[in-house]
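A short worksheet on the structure shown next.
The values are calculated or read from the model by the stated rules, or taken from the named source; none is laboratory data. All of these numbers come straight from a predicted model, not from anything done at the bench. Neighbour counts are summed over all protein chains in view; Cβ atoms, including those assigned to glycine, are modelled from backbone coordinates with ideal geometry. Accessible surface is based on the protein model in full, side chains and every heavy atom, while ligands, DNA and RNA are left aside. Shrake-Rupley method; radii C 1.70, N 1.55, O 1.52, S 1.80 Å.
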Amino acid sequence: MVSTKIYAQPVDIAATKETLHLYQFLQKTLYLGILFGHQDDLAYGVNWKYVDGNSDVQSAVGAYPAVYGWELGRIENDATNNIDGVPFAKMRQYIQTAYERGGIITISWHLNNPLTGKTAWDPFPGTVASILPGGEKNAVYNSWLDKVANFLQSLTGKYGEVIPVIFRPFHELNGNWFWWGKAHCTPDEMIRLYRYTEHYLKDVKNIHNLLYAFNTDQFANLNEYEERYPGNAFVDIVGFDIYQRDNSGKAFVHNIGRMLTDLDAFAATHKKIPALTEFGFNEIPDKNWWTTVFAAGLKGHQVAYVLGWRNAGAKADGSIEYYVPFQGEASQPDFQKMKKSGLFIFQDKLSFSKVYQ
Ligand code: BMA
């Protein structure tokens, strides 16, 4: 169990006032409920794209999510749209809209491979080493971080203040599918890259609106979880990603419970905020999944928030991808039941002053 003491200060000692308030709010909510989040929620859903005010979560339960995930992939190429087609200009507006009503923003980055120019899924050996200081691609990586910094600094509220963001770089780093994955760099290289990235944003670019999230994919035990942990001085939020990929809700409940028990202990000893940084069961093939599997698995554990992955709908390659109900979807009634249970917090329970002031 996480201790009831509120940690006063995020790792960035120069964090802005709003960022500090968000940090403290996230700790208070651990005792009130779990903030429900969704990736790309305001940009598109299973049957729509870029309709102002639309949200699959809102259409399913009458309230917007509390947490909004966004993705920076392709910003490194100066692209107009991100890796999933979301125009960065629109993303900025959605972030501003959500922030003004007390929504919480988290950002991931499926950045291309800086050594080969291919995608995040190109595990070319030596990529991490090549972008560290002294490496042949360090200057390229710095120029990419400059673009990330520009975008983060452009997220401003009504009074010109910068909007706080939970930044989640190098997610799922114990998997092997990304170039920063476990099989493609040493623990020391990964730790140096995480620390360097943070140092560059904070000290070189003067970015002070970030809380830093560290997150793995599923893990076997705490040794695996900790192997590439950059250290207490670099991390505010600790989490992991989990997807159900078979029909057995039983296995999911067991695994999520086992990992949350480890995460609870890790968060308490390291004085960090626990979160479920991504989750999903694609197309939600079980209409009672929310109460009998998802909420059942979370029961008895403390996480500040959960982030359901994106409702892409039908994709160009013919596959279908969605993780959160929408109006008329089979698991909508059970999702409504889960909301009524009060375990989760949606936007309707938040306001700007509660979260940021
Ligand atoms: C993956 C999938 C992809 C997407 C990528 C980056 O998990 O959703 O369709 O391009 O995340 O957001």
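Residue 90 fulfils the conditions (1) surrounded by 14 or more Cβ atoms within 10 Å (Cβ to Cβ); (2) without any contact (Cβ under 8 Å) to a residue 40 or more places away in the chain; (3) more than 17 Å from the chain's Cα centre (by Cα) except for a single criterion, (2). Here residue 146 fulfils each of the conditions (1) away from the ligand (no atom under 16 Å from the Cβ); (2) open to solvent by less than 30 Å² (accessible area, probe 1.4 Å); (3) not polar (S, T, N, Q) apart from (2).
For region 315-324, filtering for residues that are without any contact (Cβ under 8 Å) to a residue 40 or more places away in the chain and either of a type outside the set (Val, Ile, Thr) or near the ligand (Cβ under 10 Å from one of its atoms) (or both) leaves 6. Residues that are open to solvent by less than 10 Å² (accessible area, probe 1.4 Å), closer than 18 Å to residue 83 by Cα and more than 11 Å from the chain's Cα centre (by Cα) within region 93-111 comprise 95, 111, listed in sequence order. Residues in region 77-106 that are in a strand (DSSP E or B) and under 21 Å from residue 211 (Cα atoms) were compared, and the one that is nearest to the ligand (Cβ to nearest atom) is 106. Set side by side, the residues 277, 269 differ, and just one is under 20 Å from residue 10 (Cα atoms), not small (Gly, Ala, Ser) and not in a helix (DSSP H, G or I), which is 277.
Please find, within region 112-121, the residue that is farthest from residue 145 (Cα to Cα) out of those that are away from the ligand (no atom under 16 Å from the Cβ) and either in contact (Cβ under 8 Å) with a residue 12 or more places away in the chain or touching a helix residue (DSSP H, G or I) at 6+ places or on another chain (Cβ under 8 Å) (or both). Among those residues, the one meeting the criterion is 116. With respect to the conditions (1) assigned to a helix (DSSP H, G or I); (2) open to solvent by 10 Å² or more (accessible area, probe 1.4 Å), residue 300 falls short on a single one, namely (1).
Here residue 282 meets each of (1) part of a strand (DSSP E or B); (2) within 16 Å of the ligand (Cβ to nearest atom) with one exception, condition (1). Scanning region 36-71 for residues that are in contact with a helix residue (DSSP H, G or I) (Cβ under 6 Å, 6 or more places away or on another chain), of a type in the set (A, V, I, L, M) and away from the ligand (no atom under 16 Å from the Cβ) turns up 60, 61, 63, 66.
Criterion first (open to solvent by less than 50 Å² (accessible area, probe 1.4 Å) and either assigned to a loop (DSSP other than H, G, I, E, B) or more than 16 Å from the ligand (Cβ to nearest atom) (or both)) does residue 124 satisfy it? Criteria not met by residue 124.
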